[in-house]
Amino acid sequence: MKEVVFIRQNIDKWRKTEQTVEDFELASPDELADAYIDVTSDLAFAQTHYPDSRITLYLNNLASALHNELYRNKREKWSRILTFWTREVPDTMWEARRELLSSLLIFVASALLGVLSQWLDADFARFVLGDRYVEMTLNNIAAGDPMGVYNSQEGTLMFIGITTNNVWVSFLVFALGALTSFATGWILFQNGLMVGTFQTFFAQQGLLWPSFLAIWLHGTLEISAIVVAGAAGLAMGNSLLFPGTYSRLTSFRRGAKRGLRIIVGIVPIFIAAALIESFMTRHTEWPDGVRLAVILTSAAFIIYYFIILPFKRNYQHGKETDNALQDADVRSENE
């Protein structure tokens, strides 16, 4: 059999096996056994007839991945801690890229609405943030310490409180996806409205730049993680609304697993954001360049980890498969 024919006959089955590896815990024992037998049989055939082909390397990697899932031991589970953040989370983010874009658009649109509303009505902040918070902030501004809210509590206690709250909000955004995507979208809308109103309120007090440096010093990580959590909730909610070829229950379980993986993946980001907010944001006397560098570094990390890395991993994987097909086409033409 020509290599190109062999690939075209089996490529759909192999891609299904990739999905089985990804959703390993949802697959039945019979499905796992059949997938393992099929891929090892195809690997043996490829090693015999196309030993130097890229498709043989591809099948070997696929068989190894399935084997590791079937026979992983405790030592492998420890090593999986690293691969979880370097492979599984980026791969899941690629699958949830549409939900991530939707989450970002909802947040940005609501933030812009907050900016416009506060700009047109100076009292809008009282409706969104509450009279008590607005009065406290105005008093801090009058006292010459506009960012005083960030040093109103001891650092360690503040860190614990912020971390707990942020993780709770992220799980809430995700869990509400069980009530369809609209509930998650509403939480994103509320957070975006609050951010836009908050930033505009300070701008109206003549404190746009100082407030920007203070808020986004920790907010770059914190708010980005909320948007990512929104993608997790939308992924679960959409799986319930749009099950596709799966049963609604199976689709929901797949979406929930994908979303939970994202939520666990962003917990370290919330911890880092809480550390910055508790121990760094209060230091408004630090040079603007230092604080701006932290903001830009945080933004670069978010863009790379949640956008560039998932794209690179998917592109590399797709390129390997395409190259194998191209090699097979070339060999077929030469024969």
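For the pair VAL108 and PHE311, label points projected 7 Å from Cα toward Cβ lie 1.4 nm apart.
Where in the chain are the DSSP H helices whose C-alpha atoms run 15 Å or more along the long axis and whose mean Kyte hydropathy is at least -1.0? The qualifying helices are 3-22, 29-49, 54-71, 97-120, 131-142, 155-175, 181-204, 208-241, 248-279, 288-303. Each residue, GLU31 and GLN204, gets one label point 7 Å from its Cα in the Cβ direction; the gap between the two is 5.4 nm. Take the alpha carbon gyration tensor of segment 86-188, find the square roots of its eigenvalues, order them as a ≥ b ≥ c, and report rounded if a/c is under 1.5; if not, report prolate when a/b exceeds b/c, else oblate. It is oblate, given that a/c is not under 1.5 and a/b is not larger than b/c. For segment 193-283, what class follows from the C-alpha gyration tensor (a ≥ b ≥ c being the square roots of its eigenvalues): rounded when a/c is under 1.5, otherwise prolate if a/b is larger than b/c, else oblate? Taking the square roots of the gyration eigenvalues as a ≥ b ≥ c, segment 193-283 is oblate. Normalised per residue, the accessible area of the chain is 53 Å², obtained with a 1.4 Å probe and no contribution from ligands, DNA or RNA. Taking 20 °C and 1.002 mPa s as the conditions, I'd like the Stokes-Einstein D for the chain in µm²/s, using the Kirkwood hydrodynamic radius from alpha carbon pairs. It comes out at roughly 94 µm²/s. Taking 0.36 nm per residue of separation and subtracting the current Cα-Cα distance, fully stretching the chain between HIS49 and LYS16 would add 9.6 nm. For ASP123 and HIS283, a Förster radius of 30 Å and the Cβ-Cβ distance give a FRET efficiency of 0.45, rounded to the nearest 0.05.
Simple point charges give the picture: +1 on the Cβ of Lys and Arg, -1 on the Cβ of Asp and Glu, and for the chain a dipole about the Cα centre of about 340 debye. Modelled spin labels at GLN9 and LEU157, positioned 7 Å past Cα toward Cβ, are 7.2 nm from each other.
Please report, as a whole percent, how much of the solvent-accessible surface of the chain comes from carbon and sulfur atoms (probe radius 1.4 Å).
The computed percentage sits at 63.
Could you give the length gained by full extension between LEU292 and GLN190, i.e. 0.36 nm per residue of separation minus their alpha carbon distance, to one decimal place? Length difference between fully extended and current span is 34.1 nm.
The values are calculated or read from the model by the stated rules, or taken from the named source; none is laboratory data. Computed from a predicted structure; not experimentally measured. Every residue, glycine as well, gets a Cβ built from its backbone with ideal geometry; the counts of neighbours run over all protein chains shown. Keep in mind that these areas ignore ligands, DNA and RNA; they rest on the heavy atoms of the full protein, side chains included. Shrake-Rupley method; radii C 1.70, N 1.55, O 1.52, S 1.80 Å.
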